[in-house]
């Protein structure tokens, strides 16, 4: 399939990112947008714009039939889903396949299998990839939960099979609350995901979150190194970097090999991310899930490898081959990404929608800003509050940190409160600079600020 035009079923910085990649490849860009985004920069820069519904994401960006109708009506060769919204919705991709509309990503079958955390763990084990000790499949009842708990030990983690994005998780500290916790998380999973299935894993506390960027053209699968996403708040990533500051060569190679093996086992095509937890105490790593789409933090991999992942996605979707080998992928220097949100960190990260009165972007060597905002832009209250991603490259981690701090200082956004100042404080801490922290770092930092 040759891509002559692509419908972008997303908004904000990722929509703009895809538009720019399309223009460089000579592909006509068509953006499907909500009424709330009618005057946005992506809408103005796309070759064509189609309004598909009101501000509500459910009635626009998450409306599978409206998106496909827009693709068919505009004659688009394929749909690029970006991240979020319909990007990992297997039913939507199956509908694209049934309607003969191309999709920039893997098949609906692969998305469905990898989106089911229980099935994904089975596939990982078949590929020889280590998984967190726990139940072999869904927990049938309380009796089975207690049997698994006896084997795994406390504390343990109950996870929704269809969960993701930090949702559908419950830590159980003692046996006395297991029955109640199990019933509650199953009920929550049914409401949130339409699937009450849950499984149990050992709860690891002193861990890092490390993921491997993979790409496959259906014949060859390669990796673009790892990203360290350990700086999180409530399972939501705030700062990402590449490469990880703690991995040795052997562990790095092992993680990459495991990610590629998993992709080959499931028959993965296009760009994706295989996520692991790394146990600081033992040095062991375990597969946790796969994101079958482009990640928010993909730019840090681009900055250290020089490979444009969005263009690669489009080329693969059009039937192209990778055109390079694993030996051609060289990681140079260090990159850090800060997610800049319209949120007030001093008020529990409360959203801060509004109109941008004044805007100044940071610049200079090694500084990249992926954003759709400008002076006069409106940040609507209907969607995720991320308004941009600041990505800085340095010859080493220390230089990348200093460059990021300098860029954050240059950043000027008036009209809404943002997390730029919070990021400055986090990156300046001795703990972050040391590189030796775990996923509890941000929570501990927040507690210190308020104590």
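The values are calculated or read from the model by the stated rules, or taken from the named source; none is laboratory data. Please read these numbers as outputs of a predicted model, since none were measured by experiment. Methodologically, a virtual Cβ is constructed for each residue, glycine included, from the backbone with ideal geometry; neighbour enumeration extends over all protein chains shown.
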Is segment 418-433 home to any residue that is in contact with a strand residue (DSSP E or B) (Cβ under 6 Å, 6 or more places away or on another chain) and surrounded by fewer than 20 Cβ atoms within 10 Å (Cβ to Cβ)?
no
Out of (1) at positive phi; (2) surrounded by fewer than 23 Cβ atoms within 10 Å (Cβ to Cβ), the one residue 270 does not meet is (2)
Whether any residue in segment 384-401 is surrounded by fewer than 16 Cβ atoms within 10 Å (Cβ to Cβ), free of Cβ contacts under 8 Å to residues at least 40 places away in the same chain and part of a helix (DSSP H, G or I) is what I want to check.
yes
Filter result (more than 14 Å from residue 349 (Cβ to Cβ) and under 24 Å from the mean Cα position of the chain (by Cα)) within segment 412-424
424
Given the criterion surrounded by fewer than 22 Cβ atoms within 10 Å (Cβ to Cβ) and farther than 24 Å from residue 157 by Cβ, identify the matching residue among 206, 308, 279, 195.
308
Among the residues of segment 152-169, write down those that are surrounded by 14 or more Cβ atoms within 10 Å (Cβ to Cβ), in a loop (DSSP other than H, G, I, E, B) and at pLDDT below 90.
none
List pairs: first in segment 84-101 and in contact (Cβ under 8 Å) with a residue 60 or more places away in the chain and not assigned by TED's automatic domain parsing to the domain that holds residue 297, second in a loop (DSSP other than H, G, I, E, B) and surrounded by fewer than 17 Cβ atoms within 10 Å (Cβ to Cβ), Cβ under 7 Å, 6+ apart or cross-chain?
84/384
Of everything in segment 333-382, what is assigned to a loop (DSSP other than H, G, I, E, B), under 23 Å from the mean Cα position of the chain (by Cα) and surrounded by fewer than 21 Cβ atoms within 10 Å (Cβ to Cβ)? Give them in sequence order.
333, 348, 349, 352, 353, 366, 380, 381, 382
Please go through segment 49-63 and give me each residue that is in a loop (DSSP other than H, G, I, E, B) and crowded, with 20+ Cβ neighbours inside 10 Å, ordered by number.
60, 61, 63
Please determine whether any residue of segment 79-86 is touching a strand residue (DSSP E or B) at 6+ places or on another chain (Cβ under 9 Å) and surrounded by fewer than 18 Cβ atoms within 10 Å (Cβ to Cβ).
yes
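Scan segment 241-249 and give yes if some residue there is assigned to a strand (DSSP E or B), at negative phi and either outside the structural domain of residue 79 (by TED's automatic domain parsing) or in contact with a strand residue (DSSP E or B) (Cβ under 8 Å, 6 or more places away or on another chain) (or both), otherwise no.
Yes; the residues of segment 241-249 include at least one that is assigned to a strand (DSSP E or B), at negative phi and either outside the structural domain of residue 79 (by TED's automatic domain parsing) or in contact with a strand residue (DSSP E or B) (Cβ under 8 Å, 6 or more places away or on another chain) (or both).
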